[in-house]
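Enquirer: There's a structure below that I have some questions on.
The values are calculated or read from the model by the stated rules, or taken from the named source; none is laboratory data. In this text, all values refer to a predicted model and were calculated from it rather than measured experimentally. Please note: Cβ atoms are built from the backbone with ideal geometry, for glycine as well, and neighbour counts cover all protein chains shown.
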Amino acid sequence: MGSFIVTIDTEGDDIWNGPREITTCNARYLPRFQELCERFGLKPTYLVNYEMAVSPAFVEFGRNVLARGQGEIGMHLHAWNSPPIAPLTADDSRHKPFLIEYPAEVLRAKVDFMTKLLQDVFATAITSHRAGRWAMNEQYARTLIEYGYLTDCSVTPYVDWRGTLGDPVASGGSDYRDFPTEPYFIDPENIGRPGNSTLLEVPMTVSKRCHPALRPLVRTILSRPGIPRGVLGRMLRNQWLRPNGYNGAAMVAQVEEAAASGAPHIEFMLHSSEFMPAGSPTFPDTGSVEGLYADLEALFERASALFTGATLAEFRHAYEPAPRVAVQAEAIPTGGNVVIDGLRS
């Protein structure tokens, strides 16, 4: 039986709108989600960024989850507001530059800071990671390996992020169209292919699905040799295992199809702020959040019957346990334009 991995990008309120002051009120809405997961035997991996790592409400919640063995804390890094602050554009809050767009020494300093911060706050080894805005490259992967990370889940198969800009004069995000869909140990010289590193890539579950009206045409194309990948790809749409308010039944079908195919894992994601009314554009009010929970109830019930719940760390250890050299914790500097649990830090 494969693993069902629940990942939550744990970050400030409504980051999509580029707030000048980042609040973390959504931390108070996470216990309800955690209770739902536990009811179905699922253990979320909370991938935590800076403002949540210094949010008293989230820290208390996260420590409780860890103490009971009901989840994992990993790292998520928003480069534009994660210390040490190093402005890259004329307005980083607006442009949200990718970490891979910064000089190598700044990239490493930010990974160093966040790893040590999380280790100190949560008194645990931090071994799982997802890049902010899904942007990864070889330098980033090598730095994660240096700091003892064992799993990454930044890859989104079939998705080309180059049209999504960070630095407006750079070339956009990562192109994952030809990356593997199943877990693989990353080659630090080419993150799109398997290698011999200790870093296991656990790709986000993204499937290629066809609009019903196009299925006859797609079947015809598939029956012919030499299918142009690009042509077929444009006819199919990407379906994420990520709620959007109207894909509840499609997510259940996606899980069932993965189980039938013998998939080793299926990976769900959402942002912590999406559990809070007005915390995201996708779920803007109480009614939409209640609809989200109805979809999650149906999805988790079916997924828990077909897969075994696992954190990213548990999934990695089942692959091939490896010793980890922990980074020594250091004093934690504070500051920055962040509002914690409704209060300015």
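Enquirer: Please name all residue pairs, on different chains or six or more residues apart, with Cβ atoms under 7 Å, provided the first residue is in the stretch 116-138 and is under 28 Å from residue 164 (Cβ atoms) and the second residue is among the basic types (Lys, Arg).
Expert: Filtered contacts from the stretch 116-138: 127/324; 133/96.
Enquirer: Also: Which ranges mark the strands (runs of 3 or more DSSP E) fully within the stretch 1-113 that have 2 or more residues being of a type in the set (Val, Ile, Thr) and under 18 Å from residue 273 (Cα atoms)?
Expert: Passing ranges, in order: 3-10, 45-48.
Enquirer: If you take the residues in the stretch 143-153 that are among the β-branched types (Val, Ile, Thr) and in a helix (DSSP H, G or I), which one is surrounded by the most Cβ atoms within 10 Å (Cβ to Cβ)?
Expert: Filtering the stretch 143-153 for residues that are among the β-branched types (Val, Ile, Thr) and in a helix (DSSP H, G or I), the one surrounded by the most Cβ atoms within 10 Å (Cβ to Cβ) comes out as 143.
Enquirer: Give the stretch 154-200 a look and list any residue that's among the β-branched types (Val, Ile, Thr) and either over 16 Å from residue 140 (Cβ atoms) or part of a loop (DSSP other than H, G, I, E, B) (or both), or say none.
Expert: 155, 156, 159, 164, 169, 181, 198
Enquirer: Considering every residue within the stretch 12-31, establish whether at least one is surrounded by fewer than 22 Cβ atoms within 10 Å (Cβ to Cβ), touching a Phe, Trp or Tyr at 6+ places or on another chain (Cβ under 7 Å), at pLDDT 95 or above and not aliphatic (A, V, I, L, M).
Expert: The answer is yes; a qualifying residue exists.
Enquirer: Next up: Mind checking which residues of the stretch 114-142 are outside any helix (DSSP H, G or I) and within 19 Å of residue 191 (Cβ to Cβ)?
Expert: Once the filter is applied, which keeps residues that are outside any helix (DSSP H, G or I) and within 19 Å of residue 191 (Cβ to Cβ), the stretch 114-142 yields 127, 128, 129, 130, 131, 135, 136, 137.
Enquirer: May I pose another question? Evaluate the stretch 37-44: report whether one residue or more is modelled with pLDDT of 95 or more, in contact with a helix residue (DSSP H, G or I) (Cβ under 9 Å, 6 or more places away or on another chain), within 25 Å of residue 156 (Cβ to Cβ) and buried (at least 23 other Cβ atoms within 10 Å of the Cβ).
Expert: Among the residues of the stretch 37-44, at least one is modelled with pLDDT of 95 or more, in contact with a helix residue (DSSP H, G or I) (Cβ under 9 Å, 6 or more places away or on another chain), within 25 Å of residue 156 (Cβ to Cβ) and buried (at least 23 other Cβ atoms within 10 Å of the Cβ), which makes the answer yes.
Enquirer: Let me ask you something else. Taking the stretch 112-142 as the region of interest, how many residues are over 18 Å from the mean Cα position of the chain (by Cα) and of a type outside the set (Asp, Glu)?
Expert: 11
Enquirer: Another one. Would you pick out the residues in the stretch 33-83 that are of a type in the set (Val, Ile, Thr) and free of Cβ contacts under 8 Å to residues at least 60 places away in the same chain?
Expert: Within the stretch 33-83, 65, 73 meet the criteria.
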